[in-house]
Ligand SMILES: Nc1ncnc2c1ncn2[C@@H]1O[C@H](COP(=O)(O)OP(=O)(O)OP(=O)(O)O)[C@@H](O)[C@H]1O
Ligand SMILES: [Mg+2]
């Protein structure tokens, strides 16, 4: 033991401690940490839930120097949770894109760090997520242009909070916002993250909303002459332009190209109809999450509580809150199709999308029709 220690000390003195900390130099700043170094950096928890995975993906995007993070959060009918995260950070060189899912692979050899969640820089988070994910992969990443990653989890195997719709309660304590109540769902994880990183723009929504947001926001950065005609996205030289991956969708001039970009670059699978509606500006875009807005929404939701004297009595039931936004969107789309079919019989068409309003124990649906002039 004495001898090994002596040799190790000798090597450390000659080479600095770099030699003892890394097992393999993978190039481009990527290393595989030695087991002892990784153990030294051991963190408390591995990935136990979808929320844990989301937090690690956010930490990685932050560490990459991103200022914008787009997150699409979608539940499939088969209980699979599909998450795409697109950031505008430093990107990952091609040869490292597979290796970062191996254990102890990191670029944070000299920047091992503490944040409010503990130590990071072990090169273990993506490896751990991969063990519990149905699929996780880099869809696209270019140095200096950001990264797009898709994560799919089977929620019958990897837990997630049932109530993803609940908004966390925030109080201002000593002048700083703090989450004081609420289930630890994805929105709460992001809210806590945002409180500590208010400089980040984090956009969260279902697939259609995120694509609509990136598409709309990127319109101003793409010249008309640069838009794809019918050649498919492979023909563009967009990488030469000083644009980020999320702005690529702005190049699409037709639905087919936008669909191709959404699918292969961002992992956002949308129907032709959805894509067309995005291009016509009919799908709502989302704003970056803001702590003030989250607080306002929470207050709005609890307005149903009546004060009697000092005692608060909540209105007996509010069942409609259990319908989450994804399900309402599914309902809206089905109504659209049914209303179109029935309307055709009377030469009528929907004026706009069906409106669905949550009202305590009911969903109020409004289907505004107008004459179909084309017919
Ligand atoms: N969004 C991203 N943008 C750029 N590089 C990334 C991104 N996500 C991961 N990486 C790279 O992949 C490496 C491995 O990530 P991983 O989360 O597994 O480990 P880590 O962040 O180094 O440490 P920890 O296990 O504590 O999270 C990172 O060190 C980083 O170089
Ligand atoms: Mg990490």
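FYI, it's all coordinate maths here, none of it is from the lab. Just so it is clear, the model here is predicted, and its values are computed rather than measured. Backbone-built Cβ (ideal geometry, glycine too); neighbour counts: all protein chains shown.
So that you can scan it fast, the table gives a plain yes or no per residue for (1) away from ligand 1 (no atom under 16 Å from the Cβ); (2) part of a strand (DSSP E or B); (3) under 17 Å from the mean Cα position of the chain (by Cα); (4) closer than 30 Å to residue 30 by Cβ:
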| position | (1), (2), (3), (4) |
| --- | --- |
| 130 | no, no, yes, yes |
| 149 | no, yes, yes, yes |
| 161 | yes, no, yes, no |
| 183 | yes, no, no, no |
| 187 | yes, no, yes, no |
| 192 | yes, no, yes, yes |
| 211 | yes, no, yes, no |
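Name the pairs: first residue in region 86-108 and on the phi > 0 side of the Ramachandran plot, second residue away from ligand 2 (no atom under 12 Å from the Cβ) and assigned to a loop (DSSP other than H, G, I, E, B), Cβ to Cβ under 9 Å, at least 6 apart or on different chains?
Within 9 Å, the pairs are 91/143; 91/144; 91/145; 104/34.
In the list 81, 62, which residue meets the criterion of being more than 8 Å from ligand 1 (Cβ to nearest atom) and over 23 Å from residue 326 (Cα atoms)? Lay out the reasoning, then the answer.
Numbers: 81 fails: over 23 Å from residue 326 (Cα atoms).
From the options 81, 62, the qualifying one is 62.
Please determine, by comparing only the residues of region 60-84 that are in a helix (DSSP H, G or I) and out of contact with any strand residue (DSSP E or B) (no Cβ under 6 Å at 6 or more places or on another chain), which one is nearest to ligand 2 (Cβ to nearest atom). Spell out how you get there, then give the answer.
Going residue by residue through region 60-84, those that are in a helix (DSSP H, G or I) are 60-63.
Pick out the ones that are also out of contact with any strand residue (DSSP E or B) (no Cβ under 6 Å at 6 or more places or on another chain) and you get 60, 62-63.
Details: 60: 4, 62: 9, 63: 7 Å.
Step by step, filter region 60-84, then rank; the result is 60.
Failed condition for residue 281, given (1) in a loop (DSSP other than H, G, I, E, B); (2) over 17 Å from residue 204 (Cβ atoms); (3) within 16 Å of the chain's Cα centre (by Cα), with all others met?
(3)
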